[in-house]
1. Please get the size of the charge dipole for segment 298-463, origin at its Cα centre, with Cβ charges of +1 on Lys and Arg and -1 on Asp and Glu, quoted in debye to the nearest 20.
2. For a quick check: with amide H placed at 1.01 Å from N, whose amide H comes under 5 Å from residue 356's, ignoring anything fewer than 5 positions away on the same chain?
3. Straight distance only, please: which aspartates and glutamates reach the Cα of residue 24 with their own Cα at less than 15 Å, same-chain residues fewer than 8 apart left out?
4. Alpha carbons only, please: Rg and Dmax for segment 56-103, in angstrom.
5. So if each residue of separation counts as 0.36 nm, and I subtract the Cα-Cα distance between residue 318 and residue 427, what length gain in nm does that give?
6. If you take the beta carbon distance between residue 4 and residue 436 as r and set R0 to 25 Å, what does 1/(1 + (r/R0)^6) give as a FRET efficiency, to the nearest 0.05?
7. So which of 376/399; 64/392; 122/348 end up more than 21 Å apart by C-alpha?
8. For the pair residue 133 and residue 201, what calculated FRET efficiency results from E = 1/(1 + (r/R0)^6), where r is the Cβ-Cβ distance and R0 = 56 Å, to the nearest 0.05?
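What follows is calculated from the coordinates using simple rules that are stated; it is not laboratory data. Computed from a predicted structure; not experimentally measured. Reconstructed Cβ throughout: ideal geometry from the backbone, glycine too, with neighbour counts over all protein chains shown.
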Amino acid sequence: MKTKAYIALLLVCIVWGTTYFAIKIGIDHFPPFAFLGIRHTSAGLLLLLGMWFFRRKDISFSRKTVRPQVLPGIFMVGLGNGLLGWVEQYVPTGIIAILFALVPVYVVGYNLFVEKREVFPKAGIAGIVTGFVGVLLIFGDSLPRLADRSYTLGLLVAFCCTVFWAAGSMISKKNRSATGPVFNTAIQLLSGGIFLLLLSLATENRMALPPVTPAVAWAMLYLIIFGSLIGFMAYVYAVTYLPLEQVTIHTYINPLVAILLGWAFLGEKISVNSAVAAVLILFGVYLVHAALRRKKFRIVHTKPGDVPEVLELYRAGIALQKLRGEVYWPDFTADDVLGEIRRRGHYKIMSGHRMAAVFSIVYNEPVIWEDTPEDKSVYIHRLTVHPDFRGKGLFGIVKAWMIEEAVRCNVRTIRLDTWSGSERLTAYYRKSGFDLVGTRKIVETKGLQQHYKNIEVALFEIKL
């Protein structure tokens, strides 16, 4: 899986960097709004068609499922990517790609300064400042060309495109949907594509549309098949099987690909100031991502007031287990959680003011591990990670905490169990340093949840 995931990530790094070049080829011979409107509408329809044949059960057309995706689609696809096509008539593709590298910085900056949801290290703030210094340098490098009103307007609109894309991403994140990412993306592509076609009807002379040349046709096909369909599926695959911080490397590579293609095939010059600006912006993005990775997580006791949020996390975890075809937990009740809180065995992992994950701890397992009353270890159960924090290494943080707890309690092992039929979890726990010490079929479930009955569990431990 990892090899395929790295191949998928490589595709994202290269393909998404080439889309700026392909858009430039297309809009040189065809009106930009019409060109990109056709591209995104076609990609959205093809995604839905593919779902109809292969995953029909995931298609759910209703106001509740479609409406949350319309506004993000207009912002990201219509205003973010669609206006970019107009901008490429006047601004070099490399500069546009460099500006788009700042999108993650905008999102973090909004959370930090507006919603105040990020507890951010100084290095991260330095990254935001460094990135914007790079933007100012790009604008400063463009001073000799500011007399060209089209170029100046194009540069300002390019900056607005990145803001629209960031805003659409944040709206999409907030608009939770019961449907999957493929369906949501299809609706967003359709929303943005239809918006662009309407914009084309209003602003572009449809009576004077040029003939579709081979260059336009090939650029269109490339953007639909590679830029939208293969690029998106590769990104989803990479995010599924690789840590998110690894996947975000495309943020640095896409602009470099765009700059090189613009220089090699479009005759775009790379000035010293532009090169320095690119380095500053990419370094700023790197500092922000590094700060996010280093951001401290706190493990503290869960409180009774946290129970509704804990139950919501459990429901998200159960949904993921069902999606993966694994043995899934029962629906836990508030009393289940309150009982663990009262015995001081339930913990939450906090990132700033957000609950990133929860888990429970016991020190003796007479049923699963057949412990005697004198046996003692640190056992973890039901680690459940919030969807926003999956892939951020929280299991490693919990493992380190378990080792510290074992040392504090003067015990020699930390242990966990999982469904023995899951090769994925078995491989993951082994990679994390746990030894598989055996399997056991649970018949007697006294003191355990009923989902343990008659299943075989794999037993893992680390001896200290």
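1. 480 debye
2. When sequence neighbours closer than 5 places are left aside, the close amide H contacts are 349, 350, 351.
3. List returned: 88, 268.
4. 15.4, 45
5. Details: separation 109, 0.36 × 109 = 39.24 nm, distance 2.06 nm.
Extra length available between residue 318 and residue 427 comes to 37.2 nm.
6. After rounding, the FRET efficiency stands at 0.50.
7. Table pairs above 21 Å Cα-Cα are 64/392; 122/348.
8. Details: r = 41 Å, r/R0 = 0.73.
Efficiency for this residue pair is about 0.85.
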